[in-house]
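Engineer: Pasting a structure below so you can have a look.
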Amino acid sequence: QLQASGGGSVQAGGSLRLSCKAPRAIFSVFNVYSMSWYRQPPGKQRELVALITTDYTKTYADSVKGRFTISRNNSRKTVWLEMNSLKPEDTAIYYCYSQDTTGAGSWGQGTQVTVSS
């Protein structure tokens, strides 16, 4: 299972860095997985935050553009989400998601991010 970590509680304007490590079962093929971060705010549906493809193309939700950065290191089998200038509306459970070339996807456990005003 994908292992997400790095969540916590910060004040508005602060920063956090989330990490997601791939399970050993996909170590040898991690480079062919698209990786993304989703989040689910309290009482709302899960939404895409950022995506990084196998060729390092990045896509962001409009609400986080210019504040969040997704990156990956295939040798370390890890993807990160650098979150700066955090706002209270960024409060959510953040999930890591992997998708292979067939379209099959897998979720990691969530990590809580709480931003206070």
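Engineer: So for D55, D100, D62, D90, what's the accessible-area order with a 1.4 Å probe, most first?
Structural biologist: Working: D55 105, D100 40, D62 125, D90 0 Å².
Largest accessible area first, the residues go D62, D55, D100, D90.
Engineer: Grab the other residues whose beta carbon is less than 13 angstrom from that of M83, score K and R as +1, D and E as -1, and report the net.
Structural biologist: On the way: positive: R17, R39, K65, R67, K87; negative: E82, E89, D90.
Here the count lands on +2.
Engineer: So, one more: Compare the Cα positions of S116, S36, G7 along the charge dipole of the chain (+1 at Cβ of Lys, Arg; -1 at Cβ of Asp, Glu; about the Cα centre) and return the one farthest towards the positive end.
Structural biologist: Value computed over the given set: G7.
Engineer: Multiply the residue gap between T114 and A12 by 0.36 nm, knock off their C-alpha separation, and tell me the result in nm, one decimal place.
Structural biologist: Numbers: separation 102, 0.36 × 102 = 36.72 nm, distance 0.95 nm.
Once the chain is fully extended between T114 and A12, it gains 35.8 nm.
Engineer: Can I ask one more? Could you give the radius of gyration (one decimal) and Dmax (whole number) of the Cα atoms in the chain, in Å?
Structural biologist: According to the Cα coordinates of the chain, Rg and Dmax are 13.5, 43 Å.
Engineer: With charges set only on the Cβ (+1 for Lys and Arg, -1 for Asp and Glu), what does the dipole of region 1-94 come to about its Cα centre, in debye to the nearest 20? Walk me through the numbers on the way to the answer.
Structural biologist: Working: 13 positive and 6 negative charges, 52 e Å.
The dipole magnitude comes to about 240 debye.
Engineer: What percent does the relative contact order of the chain come to when contacts are Cα pairs within less than 8 Å and at least six residues apart? List each step's numbers first, then the result.
Structural biologist: Values: 275 pairs, mean separation 42.0, N = 117.
Computed value for the chain: 36 percent relative contact order.
Engineer: Could you report the accessible area of T101 in Å², rounded to 10, computed with a 1.4 Å probe on the protein chains as they sit in the structure?
Structural biologist: Surface open to solvent at T101 totals about 120 Å².
Engineer: Using a Gaussian network model of the chain whose springs link C-alpha atoms within less than 10 Å, name the residue from V49, V29, V79 with the highest mean-square fluctuation.
Structural biologist: Residue with maximal mean-square fluctuation among V49, V29, V79: V29.
Engineer: Next up: Just how far, in whole angstrom, is region 93-117 from region 22-54 if you go by their alpha carbon centroids?
Structural biologist: 5 Å
Engineer: Among L51, L16, L81, determine the one that fluctuates most according to a GNM of the chain built with springs between C-alpha atoms less than 10 Å apart.
Structural biologist: Sorting by GNM fluctuation, first place goes to L16.
Engineer: Using the heavy atoms of the protein chains alone and a 1.4 angstrom probe, what is the accessible area of the chain per residue in square angstrom? Display every interim value, and only then the final one.
Structural biologist: Details: 6020 Å² over 117 residues.
It amounts to 51 Å² per residue over the chain.
The values are calculated or read from the model by the stated rules, or taken from the named source; none is laboratory data. Fair warning: this is a prediction, and the values are worked out from it, not measured in the lab. Please note: Cβ atoms are built from the backbone with ideal geometry, for glycine as well, and neighbour counts cover all protein chains shown. Ligands, DNA and RNA are stripped out before the accessible areas are found, and what is left, the full protein with its side chains, is counted by its heavy atoms. Shrake-Rupley method; radii C 1.70, N 1.55, O 1.52, S 1.80 Å.
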